[in-house]
1. Once phi is turned into ³J(HN,Hα) by the Karplus curve 6.51 cos²θ - 1.76 cosθ + 1.60 with θ = phi - 60°, what whole-Hz value does each residue of the range 91-107 show in order, with x for glycine and proline?
2. Report Rg (one decimal) and Dmax (nearest whole number) for the range 127-249, counting Cα atoms only, units Å.
3. I want to check the label-to-label distance for Asp262 and Glu58. Put each point 7 Å from Cα in the C-beta direction and report it in nm to one decimal.
4. Between Ser42 and Lys186, what is the label-to-label distance in nm when each label sits 7 Å out along the Cα-to-Cβ direction?
5. Please list, in chain and number order, the residues 5+ apart from Glu164 or on another chain whose amide H is under 5 Å from its amide H, with Hs placed from the backbone.
6. Tell me, in nm to one decimal, what length is gained between Thr248 and Asn100 on full extension, where the rule is 0.36 nm per residue of separation less the Cα-Cα distance?
7. Report the FRET efficiency, 1/(1 + (r/R0)^6), for Ile111 and Gln72, where r is their Cβ-Cβ distance and R0 is 25 Å, rounded to 0.05.
8. With charges only on Cβ, +1 for K and R and -1 for D and E, what is the dipole size of the range 169-305 about its Cα centre, in debye, rounded to 20?
Amino acid sequence: MKKSKFYVIVGLILPSLFFFSSCGEKKDKSGRTDTRSSGTISFVADESFSPIIEELREQFEYKFPKATLNAQYTNEVEGMKQITDMKSNLLFTSRALKPNEEAYIKKNGRIPEVFPIGYDGLAFIVNRANNDTCITVNDLKKILRGEATDWNQIYPGSKRGKIELVFDNKESATVRYVVDSILDGKTIEGENMFAAKNSKEVIDYVDKTPNSIGVIGSNWLNDRRDSTNTTFKKNIHVMSISVQDKATPMNSWKPYQAYLLDGRYPFVRTIYAIVVDPRKALPWSFANYITGPQGQLIVFKSGLLPYRGDIVIKTVNVKRQ
């Protein structure tokens, strides 16, 4: 039995969600002068989404050359604090506002808006010399709970020794997803577990450490030269995850677009834009741009799954000679 190659075809037939107008807008009490198509703002985003947010920011500024968007990449905890304290008008992260957070913002006279913009996968990566890349959800839970600390407990006979587990940041959206969605609210445990400063450091560490497992967002891994979005970075291996009791190449899946869409890959996150912008100026228009046809096409081409669009998966059987 062999897996088939696949191609993802997306049609983004969406209505225009907003229009831009800068005529007659004046400086308000907050000191802001930005309009829907011009001015300078800063926004915050969880660092695990920085590759896709950078692509979207660059394309928005290209379309609207009078607009300047300054991105501040931080962890989810700090990002949420900035948005609830009204120190920022726009946040990108992997969860919506909690009821108490929304109530707090409204109490201060602001109406928050939440825009789902796409999906990525939570990826588990290993050193390129490690060929044990198929793993079950249950075995990952054992590692995350600290119940399995040595590679031979997962792969009998392995001589890689202790498992080193590395995350991007202890307060990131990645860590929260693991706790909430994989461990059902229980804390991550382990003898050799630590947090790096960011996703790039996770990839660099795994590249140099044969016994490590890194946990990052899949948007850090896609090879932009691959138009089918089925290629990941060459300096590490991306683990294939199985929901079965035993993982094999035939029942394990990587975080490709098609497998995020059809549910075969088990760890999928929604990416949200949270906007608190009473003027409905530049932060609001950038978020709306991402949910429109151009923004969603950028999300698709980045290797992630757009939130909107008519997506069709075509399977092609390839005969090998």
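1. 9, 10, 7, 10, 8, 7, 5, 6, x, 5, 5, 5, 5, 5, 5, 5, 4
2. 14.1, 40
3. Going from the Asp262 label point to the Glu58 one covers 3.2 nm.
4. So the two model labels end up 4.1 nm from each other.
5. Here the answer is Ser212, Ile213, since their amide H atoms fall under 5 Å of that of Glu164.
6. 48.9 nm
7. 0.65
8. My answer is approximately 440 debye.
None of the figures in this text is laboratory data; all of them are computed from the coordinates on show. Small disclaimer: the values here were computed from a predicted structure and weren't measured. Methodologically, a virtual Cβ is constructed for each residue, glycine included, from the backbone with ideal geometry; neighbour enumeration extends over all protein chains shown.
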